[in-house]
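Reading through the structure tokens given below for one structure.
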Amino acid sequence: MKWYHKAIYLFAMNVIPTAVKRQMMGIGRATSPKSSNPWGIFNWLPKKHQQAHNIDLTNLQSYTAEELLELLISVHPDVSYALYTYLRMGDTPLTFTAKKVNGKDDKNGQRMLDELKRILNSPLPSPGYQHGRSLDKLDTIQRMMIMVRGACAGEVVLNENCNDVIDIVSVDPSLIWFRREQNTDRLTPRQYVKHPKRRSGEEWFGQYKKIDTPTFIYEEFDPMVDDPYGRTPMLPVLQIVFFHLQVLQDLKAVVHNQGYPRMDISVMEEIMIKYMPKNIANDPAKQSAYLKNRLEEIQSHFESLNPDDYSIGIV
């Protein structure tokens, strides 16, 4: 950028009203974190990996593909190791090179890139804790989103004057939905917000907030025609995982059926008649109904037992 370009830009930023600049570039962060709760309650973030072992793996088909891939990272060793290996092998240093239109190196542009990288890798002025915001961490998160979601998304957060970059935040692509405009057929992104808190000047469609700003970036991986969402390369693993789980369930059923001793249960009618209430024992119809109900109750109880249940109690 030439010196007069900078002068024109600074002049425009000082002359243009703030409201117009915010319409042009957005106001702060336009997207919402997936776990945000504007109502100020239940703001504790759960540690999902600590609850992964409680998931019933026999009911995985009730989850969506996106939820399954996120879950399998913590519960399936092959999926976890594949993602871990990919992230570690691709963890190469980030380099930025500024070029002129003719392809030659741009020293002034390189200095601006280096300064921008330094700013993004440095903590913001704050007296408290700050979540890590380095470009290396951002790169790792975005590469993981490519594998798990099939796309990566982020937003450039500007300062109040819209003349400097404060941060680059990652956005979960699973929350982004595209809508085609009627007159222009242009795709506009919208973010699903679980707990919406609408502000003036924002455009909503139910719980979907329009994020039609140049500071929001969405890049899909290997998209099909007319499909802006992309496709994760890990998606075929779902069928293999379901097949493995089905084989393990069948193997478990065989072990339970053949590996545990069988129980033969006998019900003595004389004993049941001896201990039944007197008012029922003297009535043949009531006696027959009573014996039938008790027999069905005992049969149902033993059919509900698992083969490896170690204690049995009948009251």
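Read-outs: derived from the displayed coordinates by stated rules, not from any lab. Computed from a prediction, not measured in an experiment: that's the story for all the values here. With ideal geometry, Cβ positions are generated from the backbone for all residues, glycine too; neighbour counts draw on all protein chains shown.
Electrostatic bookkeeping for Val148 treats Lys and Arg as +1 and Asp and Glu as -1; over the other residues with beta carbon under 9 Å from its beta carbon, the sum is -1. For the residue pairs Lys137/Lys197; Lys47/Lys209; Lys48/Lys210; Lys137/Lys210; Lys117/Lys137, alpha carbon separations beyond 18 Å are given by Lys137/Lys197; Lys47/Lys209; Lys48/Lys210; Lys137/Lys210. Label points 7 Å out from Cα along the Cβ direction at Trp177 and Ala253: separation in nm? Computed distance between label sites Trp177 and Ala253 equals 3.8 nm. A Förster distance of 45 Å, applied to the separation of the beta-carbon atoms of Tyr63 and Asp264, puts the FRET efficiency at 0.60.
For the pair Lys47 and Leu124, label points projected 7 Å from Cα toward Cβ lie 2.7 nm apart. The trypsin sites (Lys or Arg not before Pro) of region 89-130 that meet both conditions, a loop assignment by DSSP and at most 16 other Cβ atoms within 10 Å of the site Cβ, are Lys100, Lys104. Working ranking of peptides 228-235, 122-129 by packing, defined as the average number of other Cβ atoms within 10 Å per residue, highest first, is 228-235, 122-129.
Take each of the peptides 217-224, 141-148, 178-185, average the number of other beta-carbon atoms within 10 Å over its residues, and list them starting from the highest. Before the final figure, lay out each step's value.
Details: 217-224: 15.0, 141-148: 19.5, 178-185: 9.5.
Most protected by this proxy first, the peptides run 141-148, 217-224, 178-185.
Charged neighbours of Pro38, selected by a Cβ distance under 11 Å, balance to +4 (K, R count +1; D, E count -1).
Take the Cα of Asp56, step 7 Å toward its Cβ, do the same at Thr92, and the gap between the two points is 4.7 nm.
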